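Reading through the structure tokens given below for one structure.
The values are calculated or read from the model by the stated rules, or taken from the named source; none is laboratory data. Note that this is a predicted model, so its numbers are computed, not measured. Please note: Cβ atoms are built from the backbone with ideal geometry, for glycine as well, and neighbour counts cover all protein chains shown.
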Amino acid sequence: NILSSFHSKVYPLFKKGQRDLINNYRTISLLNSFDKVVERILHRRLTSFFDKNEILFKNQHGFQRNHSTSHSIYSLVHNVVSSFEDGTFCTAIFCDLAKAFDSISHKVLLHKLENYGIRRRIHKLIESYLSNRSQRVYINHNGSEIISDKLNIKLGIPQGSILGPLLFLIYINDLPNCTNLCEFILFADDTSLIVKAKTVDDLQCKLNLVMSAVTNWVNVNNLVLNNDKTQILSFCTTSRLSNNIQSLTIDNTPYEFSQISKFLGIQINNHLNWSQHINDSLCPKLSKTCFMLRTLKPKLGLQCLLSVYYANFYSHIAYGIQFWGFSSCLSKVFKLQKRALRIIFSLPSKTSCRNVFQQHKILTVPCIFILTTLTFIKNNPLLFNLSPLPTGYNTRHKLIRAQTYKLATSFKTIDGLGIQLMNKLPLSIRNLDNNKFHNALVELFKETAFYDVSEFCKFDFNDSSHNSLNSNL
């Protein structure tokens, strides 16, 4: 069978930790052109079938069209805020599946495909695709390439392939069915469980039942739960919970509770105030970029320095800012941004950067925050209650109904303050389609260069002198 002769070149990609530990490497498979054509055809057929029948889990945000890590982070934050408002205890379990892609059982995968309705020719085609695969490992060592012996593959699906991610999503699609005592948030193999309870005793009981169910599912499906990297984070507005539950033991395996955890690239602490993410993770990265810009300044021109800024500074700022941007620590990030611009444009330390932002059309940190927040709300209307207020309440402007919150922590989120920011926009902008909406805001922020969110809230959108608005409406 022509489909049973796939061969992959595998390159180990270092992740982090000690370089002499094999578990700290991710294998990336490079396929030939014919393999890619076949995979693309199979991927198109399978995607069409699973989308049409709405089979994939709704909270699976990895490798899905119109889904991203932002949706997973939003689901987590939304659940935590809801528990704060309800006065319930909320605990997140961040599970780590060891070598998940490499541990997929072909037999189990084919059985699941058949249960989902993939049968006859397409099923045999996928079976042929999975069977008798081979690979060689390529390693660059001291300038020379070392090649391993050819090895037949009996387990796993290739990472870096077109079809592999979809097959993995299908494989773990029934994981949320193992228990109804928690909410699952999935991003490919990043599995997060949200457990809520009214009392500490109920929470302890639920945590045990949930972890037992997940552990059993993992074992049955030939996967391995990495206990050392699995973290449990209990959210609370006070210290009451941390004084009651310190550890959890499942099947003689102890799990320690953490005060902070890294979730899809963002540091989240148990009070959901984002201080650790900004102070301990983001600002050190931005400071290193400032040092890099200062080092490169004598050697590179302006355009090259701006390219370095967008690649190593802007990208870190923009990621997840619609969630952590509500923190009071946002001003620290803005100070580092102005430091970076003073380095690039050779400005004295106390010089205002507003003209530089406007002249070179660079978005300020507050503008990036507002833009990303409003764009996320606009692109995801089903996540937010975007219905206007009832008759008699500001019907002229058709303000969006904003949820009321008891706690300041709950209000300082995209569901609370984010909706209020959206209500500051006139209908002429809010009613634009998604692309025009984004472009109109970008041009507005390039022209205005807001230094604070309050400047945006006081901005007069009816002022005809703003050329960016007139040209985009």
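When residue 439 is tested against (1) out of contact with any strand residue (DSSP E or B) (no Cβ under 8 Å at 6 or more places or on another chain); (2) touching a residue at least 40 places away in the same chain (Cβ under 8 Å); (3) not in a loop (DSSP other than H, G, I, E, B), exactly one condition is not met: (2). Regarding region 9-22, can at least one residue be identified that is in contact (Cβ under 8 Å) with a residue 24 or more places away in the chain, surrounded by 15 or more Cβ atoms within 10 Å (Cβ to Cβ), assigned to a loop (DSSP other than H, G, I, E, B) and in the same structural domain as residue 102 (by TED's automatic domain parsing)? Checking region 9-22: not a single residue is in contact (Cβ under 8 Å) with a residue 24 or more places away in the chain, surrounded by 15 or more Cβ atoms within 10 Å (Cβ to Cβ), assigned to a loop (DSSP other than H, G, I, E, B) and in the same structural domain as residue 102 (by TED's automatic domain parsing).
Go through region 230-254 residue by residue and tally those that are in contact with an Asp or Glu (Cβ under 6 Å, 6 or more places away or on another chain) and modelled with pLDDT under 85.
Of the residues in that region, 1 qualify.
In region 1-8 there is no residue that is at pLDDT 95 or above and crowded, with 20+ Cβ neighbours inside 10 Å. Conditions: (1) hydroxyl-bearing (Ser, Thr, Tyr); (2) touching a helix residue (DSSP H, G or I) at 6+ places or on another chain (Cβ under 9 Å); (3) closer than 18 Å to residue 296 by Cβ. Residue 328 meets all but one. Number of the miss? Unmet for residue 328, out of (1) hydroxyl-bearing (Ser, Thr, Tyr); (2) touching a helix residue (DSSP H, G or I) at 6+ places or on another chain (Cβ under 9 Å); (3) closer than 18 Å to residue 296 by Cβ: (3). Select from region 400-422 the residues that are surrounded by fewer than 20 Cβ atoms within 10 Å (Cβ to Cβ) and among the polar types (S, T, N, Q) and write down the one among them that is farthest from residue 237 (Cα to Cα). So, considering only residues that are surrounded by fewer than 20 Cβ atoms within 10 Å (Cβ to Cβ) and among the polar types (S, T, N, Q), the one farthest from residue 237 (Cα to Cα) is 420.
Listed here are the residues, each with its yes/no results for (1) crowded, with 19+ Cβ neighbours inside 10 Å; (2) touching a helix residue (DSSP H, G or I) at 6+ places or on another chain (Cβ under 8 Å); (3) of a type in the set (Lys, Arg); (4) not assigned by TED's automatic domain parsing to the domain that holds residue 79.
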position: 258; (1), (2), (3), (4): no, no, no, no
position: 304; (1), (2), (3), (4): no, yes, no, yes
position: 307; (1), (2), (3), (4): no, no, no, yes
position: 313; (1), (2), (3), (4): yes, yes, no, yes
position: 337; (1), (2), (3), (4): yes, yes, no, yes
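Checked against (1) surrounded by fewer than 16 Cβ atoms within 10 Å (Cβ to Cβ); (2) part of a helix (DSSP H, G or I); (3) in contact with a strand residue (DSSP E or B) (Cβ under 8 Å, 6 or more places away or on another chain), residue 207 passes all but a single condition, namely (1). Here 45, 26 are screened, and the one residue that is basic (Lys, Arg) and within 30 Å of residue 121 (Cβ to Cβ) is 45.
Taken over region 124-159, residues that are on the phi > 0 side of the Ramachandran plot and modelled with pLDDT under 85 amount to 3.
Residue check: residue 362 meets all listed conditions (1) in a helix (DSSP H, G or I); (2) over 18 Å from the mean Cα position of the chain (by Cα) but one, namely (1).
Just wondering, is there one or more residues in region 168-180 that are in contact (Cβ under 8 Å) with a residue 12 or more places away in the chain, among the aliphatic types (A, V, I, L, M) and touching a Lys or Arg at 6+ places or on another chain (Cβ under 9 Å)? Let's see the steps before the verdict.
First pass over region 168-180, keeping only residues in contact (Cβ under 8 Å) with a residue 12 or more places away in the chain: 168-176, 178-179.
Then drop every residue that is not among the aliphatic types (A, V, I, L, M), which leaves 169-170, 172, 175.
Those left that are additionally touching a Lys or Arg at 6+ places or on another chain (Cβ under 9 Å): 170.
Yes, region 168-180 contains at least one residue that is in contact (Cβ under 8 Å) with a residue 12 or more places away in the chain, among the aliphatic types (A, V, I, L, M) and touching a Lys or Arg at 6+ places or on another chain (Cβ under 9 Å).
Given the criteria outside any helix (DSSP H, G or I) and under 19 Å from residue 454 (Cα atoms), does residue 374 qualify? So residue 374 fails the test.
Please indicate, with yes or no, whether at least one residue in region 255-263 is under 20 Å from the mean Cα position of the chain (by Cα), part of a helix (DSSP H, G or I), modelled with pLDDT of 90 or more and closer than 30 Å to residue 55 by Cβ. Among the residues of region 255-263, not one is under 20 Å from the mean Cα position of the chain (by Cα), part of a helix (DSSP H, G or I), modelled with pLDDT of 90 or more and closer than 30 Å to residue 55 by Cβ, which makes the answer no. Just to be sure before I move on: is residue 49 over 22 Å from residue 379 (Cα atoms) and at pLDDT 95 or above in the structure I sent? For residue 49, the condition - over 22 Å from residue 379 (Cα atoms) and at pLDDT 95 or above - is met.
Given the condition within 22 Å of the chain's Cα centre (by Cα) and closer than 27 Å to residue 68 by Cα, answer yes or no: does some residue in region 286-299 qualify?
yes
Inside region 48-76, residues that are among the acidic types (Asp, Glu) and either part of a loop (DSSP other than H, G, I, E, B) or under 15 Å from the mean Cα position of the chain (by Cα) (or both) make up a count of 1.
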